[in-house]
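The values are calculated or read from the model by the stated rules, or taken from the named source; none is laboratory data. Being a predicted model, the structure only gives us computed values, none of them experimental. Cβ placement follows ideal geometry from the backbone for every residue including glycine, while neighbour counts extend to all protein chains displayed.
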Amino acid sequence: MRISFNAPLILIFTMVAMVVQVCSDIFGNWVTYFFSVGNQMNMSNPLDYLRLVTHSIGHNGWGHLFGNFMFILAIGPVLEEKYGSLRLLFMFFITALVTGVLNVSMSSSYLHGASGIVFMLIILGSITNSKKKEIPLTFILIFILYIGQEVVHIFDDNYKGVSQFAHIVGGICGSVFGFIEVNNKSKNKLL
């Protein structure tokens, strides 16, 4: 028996996030400056455009990172096998970009972490085996439980500093990607 590099995107994403966290621990929180997006953007600063996506790599400590990557490592490899590394990377990119842009446009706080991607993967996973013109009950329940919980947490003072907004947007991205993939799968069967 040998160890296999079974999900390149998921494993590389995990390793990069861990390296960023180690660098943050060693060199101070200035590292997270490159891996978070604020509530405003300087349009003449190229780094601000990059941070719209790289915020998903930086985390607010090891607990935050472990919480996100336990889900990513559990769900991601199955979805990477199903959709392929490049397609899943595209989904990561779009989810990070959308949450980054909306954070700059609508939020008053900084955003960092892969939580939006986690919620995208959770919702995408609940749709993966569905058929065209069907809405899986698992999707409905996951959507209600995960996204509903985030809506409730918006009003809970115990969750201040947690971006429920990114979680909700990530879940919506997962829904959109999932139903697009279901329609693409049905079209491919016809060809």
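Taking the stretch 39-56 as the search range and keeping residues that are over 21 Å from M120 (Cα atoms) and touching a helix residue (DSSP H, G or I) at 6+ places or on another chain (Cβ under 7 Å), which one is modelled with the lowest pLDDT? First the steps, then the outcome.
The initial filter retains those residues of the stretch 39-56 that are over 21 Å from M120 (Cα atoms), namely 39-49.
Checking the rest, the ones that are also touching a helix residue (DSSP H, G or I) at 6+ places or on another chain (Cβ under 7 Å) come to 39-42.
On the way: N39: 84, Q40: 88, M41: 90, N42: 91.
By that ranking, first place goes to N39.
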Tabulated pairs, the stretch 3-32, first closer than 16 Å to L121 by Cβ, second acidic (D, E), C-beta under 7 angstrom, 6+ apart or interchain: A7/E80; L9/E80; I10/E80
Within the stretch 139-186, considering residues that are within 22 Å of L111 (Cα to Cα) and of a type in the set (S, T, Y), the one modelled with the highest pLDDT: S175
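Tell me which residues, restricted to the stretch 12-50, are farther than 16 Å from S115 by Cβ and part of a loop (DSSP other than H, G, I, E, B).
Taking the stretch 12-50 and keeping what is farther than 16 Å from S115 by Cβ, we get 12, 15-16, 18-19, 22-31, 33-34, 38-50.
Passing the criteria: G28, N29, F34, G38, N39, Q40, M41, N42, M43, S44, N45.
A quick yes/no check of all residues on (1) touching a Gly at 6+ places or on another chain (Cβ under 6 Å); (2) of a type in the set (A, V, I, L, M, F, W, C):
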{"position": "I94", "(1), (2)": "no, yes"}
{"position": "V98", "(1), (2)": "no, yes"}
{"position": "L102", "(1), (2)": "no, yes"}
{"position": "G116", "(1), (2)": "yes, no"}
{"position": "M120", "(1), (2)": "yes, yes"}
{"position": "I123", "(1), (2)": "yes, yes"}
{"position": "T128", "(1), (2)": "no, no"}
{"position": "K131", "(1), (2)": "no, no"}
Single residue of the stretch 51-66 satisfying the filter (touching a residue at least 12 places away in the same chain (Cβ under 8 Å) and assigned to a helix (DSSP H, G or I)) that is surrounded by the most Cβ atoms within 10 Å (Cβ to Cβ): R51
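Quick check on this structure: which one of N6, N45, N39, N29 is farther than 16 Å from H167 by Cα, touching a strand residue (DSSP E or B) at 6+ places or on another chain (Cβ under 9 Å) and either loosely packed, with under 13 Cβ neighbours inside 10 Å or not β-branched (V, I, T) (or both)?
Values: N6 fails: touching a strand residue (DSSP E or B) at 6+ places or on another chain (Cβ under 9 Å); N45 fails: touching a strand residue (DSSP E or B) at 6+ places or on another chain (Cβ under 9 Å); N29 fails: touching a strand residue (DSSP E or B) at 6+ places or on another chain (Cβ under 9 Å).
Going through N6, N45, N39, N29 in turn, the sole match is N39.
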Residues located in the stretch 68-82, provided they are under 24 Å from N39 (Cα atoms) and either modelled with pLDDT under 95 or among the charged types (D, E, K, R) (or both): none
Qualifying residue in the stretch 39-50 (condition: within 18 Å of the chain's Cα centre (by Cα) and touching a residue at least 24 places away in the same chain (Cβ under 8 Å)): no
Selection count, the stretch 102-145, where residues are within 14 Å of the chain's Cα centre (by Cα), part of a helix (DSSP H, G or I) and without any contact (Cβ under 8 Å) to a residue 60 or more places away in the chain: 9
Residue that is farthest from F5 (Cα to Cα), among those in the stretch 80-92 that are out of contact with any helix residue (DSSP H, G or I) (no Cβ under 6 Å at 6 or more places or on another chain) and of a type outside the set (D, E): F90
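Which residue out of G84, G113 is surrounded by fewer than 16 Cβ atoms within 10 Å (Cβ to Cβ), out of contact with any Pro (no Cβ under 6 Å at 6 or more places or on another chain) and at positive phi? Walk me through how you get there before you give the answer.
Numbers: G113 fails: surrounded by fewer than 16 Cβ atoms within 10 Å (Cβ to Cβ).
The match here is G84.
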